[in-house]
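Q: Starting off with a structure, shown below.
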Amino acid sequence: MTDTLFTPLTLRDTEIRNRVMLSPMCQYSAEGGLATDWHRVHLGSRAAGGAGVVMTEATAVEPRGRITPDCLGIWSDEHAEAIEPIVEFVRSQGATPGIQLAHAGRKASHRPPAEGSAPIPADEPDGWETVSATDEPYPSGDRGDGEGGEPATTRRLDADGIAEVVDAFAAAAERSRDVGFEVAEVHAAHGYLLHQFCSPVTNDRDDEYGGSFEDRTRLLREVVAAVRDVWPDGKPVFVRISATDWLPDRDSWDVDDSVRLAPLLADAGADLIDVSGGGIHPDQELPGAGPGYQVPYAEAIRDGTDVPVAAVGGITEPTHADALVRNGRADLVALGRELLRHPHWPLEAAHELGADVEWPVQYRRGRFD
């Protein structure tokens, strides 16, 4: 049988009902890192809308790991308790609940996009010192469309600080496990902390966590292993990476590095690589952002290794998403903006593709008959 968008995907002992994943997208709606009613509606509606995996936004493993003061966190039992009812609802709708465990590193301590995305200096009441592979702050200015400003001070992590980061990821994974998440995704993309260690653009260290490819990727591999160690054997661990820094004018991370990294992540315990791109530096040169513009990165990793992959990047049409799976280019298709626009996209896509899927009983009168 040929796999299609609505063929279940089994990873370890976990069966995902279809190949559509809600891509992690920051909502900037948490209160002190705690999930709110917004998260309940946002994640719950995509579960009711038929997604196979419902992934949280980047969820900080410690307070200084948030991108903004309004980002979601899971660094305490209180944070876990706040999100537990949402996990239960997502599962009740037949979706697989996933959490993206994250640390922003030197890209932390910024205003939310709606407030301009400017950096918040550490001496302001809602700012804090950031940490990274380097002591160089993220280049002063905005992260996209906001006004410039003085960045928060960045401190190079020493050996003890690195160990604390690994422990923070493991503790966050334990809390996530205990409240019922079925997928843990380690966020190592978009210029955040683990990506900062991997990329030569930001890693200027000369210790065991810098220099060679093996040393620059050491922290990521240690984090994945630590998460895998506390995660149930039958449940999968994902890793999101930036396949390329989009910086061809300098020594940087590229697709060949990602193909080389993928089997090492699998050895550390990863079951799927969620393949995105960019974010390490504002000088990046984005390719033309047409439909599926990042799919070739996922395909290269899938072809170069035996590791399953998720593809992202401007995927909007059901026939396109189905073809990616049917033709063996990806195992999961992650939708971001399209699922913001159309929370019930999977149900509508199933109709268009002629797949018979379950609808929530409350919505069955709306089925396409």
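Q: Working carefully through the options Ala173, Ala152, Ala168, find the one that is closer than 29 Å to Gly234 by Cα and surrounded by 23 or more Cβ atoms within 10 Å (Cβ to Cβ).
A: Sole residue among the options that is closer than 29 Å to Gly234 by Cα and surrounded by 23 or more Cβ atoms within 10 Å (Cβ to Cβ): Ala173.
Q: Of the conditions (1) under 25 Å from Thr96 (Cβ atoms); (2) surrounded by 21 or more Cβ atoms within 10 Å (Cβ to Cβ), Pro232 clears all except one; give me its number.
A: Going through (1) under 25 Å from Thr96 (Cβ atoms); (2) surrounded by 21 or more Cβ atoms within 10 Å (Cβ to Cβ) one by one, Pro232 breaks only (2).
Q: Scan region 300-335 for residues that are in a strand (DSSP E or B) and surrounded by fewer than 19 Cβ atoms within 10 Å (Cβ to Cβ) and jot them down.
A: Residues satisfying the conditions do not exist here.
Q: Then there is this: Any residue in region 31-47 that is more than 20 Å from Arg17 (Cα to Cα) sitting within a Cβ distance under 7 Å of a residue that is assigned to a strand (DSSP E or B)? List the pairs, counting only those 6 or more apart or interchain.
A: Gly33/Ala60; Gly33/Gly73
Q: Right, something else. Would you be able to tell me the number of residues in region 208-234 that are under 22 Å from Asp245 (Cβ atoms) and not hydroxyl-bearing (Ser, Thr, Tyr)?
A: Looking only at that region, the number is 13.
Q: Now for a different question. Could you run through region 46-60 and say how many residues are of a type in the set (D, E, K, R) and farther than 13 Å from Pro343 by Cα?
A: Residues in region 46-60 being of a type in the set (D, E, K, R) and farther than 13 Å from Pro343 by Cα: 1 in total.
Q: Which one is surrounded by the most Cβ atoms within 10 Å (Cβ to Cβ), of the residues in region 21-43 that are closer than 25 Å to Leu5 by Cβ and touching a strand residue (DSSP E or B) at 6+ places or on another chain (Cβ under 8 Å)?
A: The residue in question is Met21.
Q: Could you please tell me which pairs satisfy a Cβ distance under 8 Å, a separation of 6+ or placement on different chains, a first residue in region 188-203 that is of a type in the set (Asp, Glu), and a second residue that is modelled with pLDDT of 95 or more?
A: Filtered contacts from region 188-203: no entries.
Q: Now for a different question. So, in region 66-78, of the ones that are under 19 Å from the mean Cα position of the chain (by Cα) and not charged (D, E, K, R), which residue ends up nearest to Thr56 (Cα to Cα)?
A: The qualifying residue nearest to Thr56 (Cα to Cα) is Leu72.
Q: Which one of these is outside any loop (DSSP other than H, G, I, E, B), farther than 24 Å from Gly328 by Cα, free of Cβ contacts under 8 Å to residues at least 24 places away in the same chain and of a type outside the set (A, V, I, L, M, F, W, C): Asp206, Asp215, Asp256?
A: The conditions single out Asp215.
Q: Tell me, which strands (runs of 3 or more DSSP E) wholly within region 48-157 include 3 or more residues that are under 18 Å from His190 (Cβ atoms)?
A: Once the strands (runs of 3 or more DSSP E) in region 48-157 are filtered for at least 3 residues that are under 18 Å from His190 (Cβ atoms), what remains is 53-60, 96-102, 130-132.
Q: Do you know which of the residues in region 268-299 that are hydroxyl-bearing (Ser, Thr, Tyr) and surrounded by 21 or more Cβ atoms within 10 Å (Cβ to Cβ) is farthest from Met25 (Cα to Cα)?
A: This residue is Tyr297.
The values are calculated or read from the model by the stated rules, or taken from the named source; none is laboratory data. Keep in mind it's a predicted model, so treat the numbers as computed, not measured. Cβ coordinates were reconstructed from backbone atoms using ideal geometry, including for glycine residues, and neighbour counts include every protein chain displayed.
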